[in-house]
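The values are calculated or read from the model by the stated rules, or taken from the named source; none is laboratory data. A quick note: this is a predicted structure, and the numbers were derived from the prediction, not measured. Methodologically, a virtual Cβ is constructed for each residue, glycine included, from the backbone with ideal geometry; neighbour enumeration extends over all protein chains shown.
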Amino acid sequence: MKTLVIYFKNDDNAALSYQHAWVKVFKKNILFNCNFLNLKNFFPFYRTKPNITQLKNLLFEKYDCIIILHSAFSNACLIPAYIQKIIRHKKAFKIFFVGNEFKHMPEKIKFTNYIRTNLFITMSHKDDVLNLYKNHLKTNVVYIPSGGFDKEIFYPKIKYDERTIDIGFRSTSEPFYFGHQDTSKLFFELENFSYKSKKKFDISISYKDRFAGNNWVNFLNNCKCLVSSNRYFDYFSLNDDLRNEVNKFTQFDFNKIYNKFFKNRKKECEARWLTGKTIEAAACKTSLILLEGDYGNDFVPNKHYINLNKDFSNLEESIDKLNDISFIKEITNNAYKLVTENYTYDNHLYKLYKTIKKLI
């Protein structure tokens, strides 16, 4: 299947392993015969000369598929208008992996329709989200996780009892317009508990402490347990009204923001899901403590991970479970089996291929 893969890659997104992993899996696969276009070479901000070969491929090659990956349009559209116009007029089956489904949604819907997308891929497994897209888009909509793991990179390298960190945690605080601060609360609860615990904690929500590439793999392999939560928010819509209202509000006190915008707001369409870092930890046989929430239909509490109550009432009990080596070995092996069978990027790519074959 002759395919053009469009993406954006530079040092700015080095810590977003899924954005790089999707490109790599397309380069290695045997199902798609791919050419590639890195938008960095066409984005004026970086003042780089356009890649003439990639531009010629876009203009003159005939493709069965054109695939636009998450990195092309997540926090902003990085696809120049003239490239959008070329894509619109190409006679190919067009696939758009939408990124960051909590901002710039009207623009992403407009872009989807403008380029005449044939297959729209969401990160959300929720039926409400899928149905909302299907009711507003003139195209096919399917769920394929954005997160997965590269089996050549993420695998167990250090035995559990030889790992030097008992509790690991890396994340960033949610923006106020998500309507919750679960990550920040989780971090501060862990931090407070760490002062009285004999276990070794390595935890942070600072952006500067994020790991990229091998540093992230090594961190996971040095942790006996990773604590994490699901991400995104409970007020999904195809407009940015709520986000814009919160961002215009002059208060920086989350409690005041919550009381004004969220306290009495009905959760009509929830959109939270499993993150790639959780999957990558499971692939390294790092045990998981996950904050109570929706992790899809596959991850089951106390089978694949230790469930931490939303109010943190069982935090000490959850951490104490790490001392039960037999139990930890069981849930870690369960999670490892689950992700190796279902969450490699090869799995995701094969699902995409089967979906395309059904629709073409």
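Quick rundown of the values:
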{"quantity": "Flag if I121 is of a type in the set (A, V, I, L, M), surrounded by fewer than 20 Cβ atoms within 10 Å (Cβ to Cβ) and in contact (Cβ under 8 Å) with a residue 60 or more places away in the chain", "calculated": "no"}
{"quantity": "Failed condition for G99, given (1) closer than 23 Å to D241 by Cβ; (2) modelled with pLDDT of 95 or more; (3) crowded, with 16+ Cβ neighbours inside 10 Å", "calculated": "(2)"}
{"quantity": "Qualifying residue in the range 140-153 (condition: acidic (D, E) and in contact with a strand residue (DSSP E or B) (Cβ under 8 Å, 6 or more places away or on another chain))", "calculated": "yes"}
{"quantity": "Qualifying residues in the range 258-301 (those that are among the aliphatic types (A, V, I, L, M) and in a loop (DSSP other than H, G, I, E, B)) - the one farthest from the chain's Cα centre (by Cα)", "calculated": "V300"}
{"quantity": "Any hit, the range 314-322, residues being more than 19 Å from the chain's Cα centre (by Cα), within 16 Å of F233 (Cβ to Cβ) and of a type in the set (K, R)", "calculated": "no"}
{"quantity": "Per-region count, the range 74-119, residues in a strand (DSSP E or B), more than 16 Å from the chain's Cα centre (by Cα) and either hydrophobic (A, V, I, L, M, F, W, C) or in the same structural domain as Y295 (by TED's automatic domain parsing) (or both)", "calculated": "4"}
{"quantity": "Hey, K134 in a helix (DSSP H, G or I) and under 22 Å from the mean Cα position of the chain (by Cα) or not", "calculated": "yes"}
{"quantity": "The range 302-360, subset aliphatic (A, V, I, L, M) and not in a helix (DSSP H, G or I), residue surrounded by the most Cβ atoms within 10 Å (Cβ to Cβ)", "calculated": "L308"}
{"quantity": "Search result, residues across the range 267-293 that are acidic (D, E) and crowded, with 22+ Cβ neighbours inside 10 Å", "calculated": "E280"}
